[in-house]
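Written below as structure tokens is the structure these notes are about.
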Amino acid sequence: MDQNVFALPTTRLSRAGELWEDHDYEGLIAGVRSRQPVDSIAHDLGRSVNAVRARLRYLLPVEVRACPADRVYAAAEQAFADEAYDWRKTILESPPPAPVVRPAPIERRGFAGLDAEELGIVAFALAQVGGSDCADALSRVCEALEEQPLSLDIAVGHAGRWLRRRGHLLDGPYDVDLAGYNWLANADGWRTPRTSSRFAATYDYGWEPSYAAPRDRDSWQPWS
């Protein structure tokens, strides 16, 4: 006898892609109750093996529907052993939603708890007061500046405006932001944030610069 007579067809499945109807589910349940292999059930239904396995999982009770793939058939055997198993009701049931896990809010204290604007103002104020008393605090502020790059721009802006009000930026070609940054960079305890590349060049800015009005536009420098 030809050994291929009972071989499963290799051509396109007759009902692949069609909607599942009641008789499909009933045939699936009957196949499991008779301990028929999944590939054989798939052949009888004209479906793919993967489609049968997926539908078999849908028919499981909600509490075991998420079991490992290699336990689906055994779980189905146990569930379908009850002749009164109501698969029509079970297939419509959905597992409860996963619990919402809300992580505890991150509480930041000290300088790290300030927003960008507040941090920039504090950095400028500490640099303005200056001296060794503020050096440690300013150093810690610079660490916080790395987490909020915008705060550096705010501190630089305050420093530039302060220099202008004090008469240091009245004349001459200059970059207000660069002047403000370099003034900050000469404060005791200042450390340039690693995240900033705008102000790569620094120069020595006298901590107590002369307040005399510039005498010559061409020779004036903002740190003199």
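Tallying residues that are outside any helix (DSSP H, G or I), hydrophobic (A, V, I, L, M, F, W, C) and open to solvent by less than 60 Å² (accessible area, probe 1.4 Å) within the stretch 63-75 yields 1. If the condition is being in contact (Cβ under 8 Å) with a residue 12 or more places away in the chain and open to solvent by 60 Å² or more (accessible area, probe 1.4 Å), then the stretch 45-62 contributes ARG53, ARG55, ARG57, TYR58.
The values are calculated or read from the model by the stated rules, or taken from the named source; none is laboratory data. What you see is a predicted model; the values in this text were computed from it and never measured. We place every Cβ from the backbone using ideal geometry, glycine too, and count neighbours over all the protein chains shown. Keep in mind that these areas ignore ligands, DNA and RNA; they rest on the heavy atoms of the full protein, side chains included. Shrake-Rupley method; radii C 1.70, N 1.55, O 1.52, S 1.80 Å.
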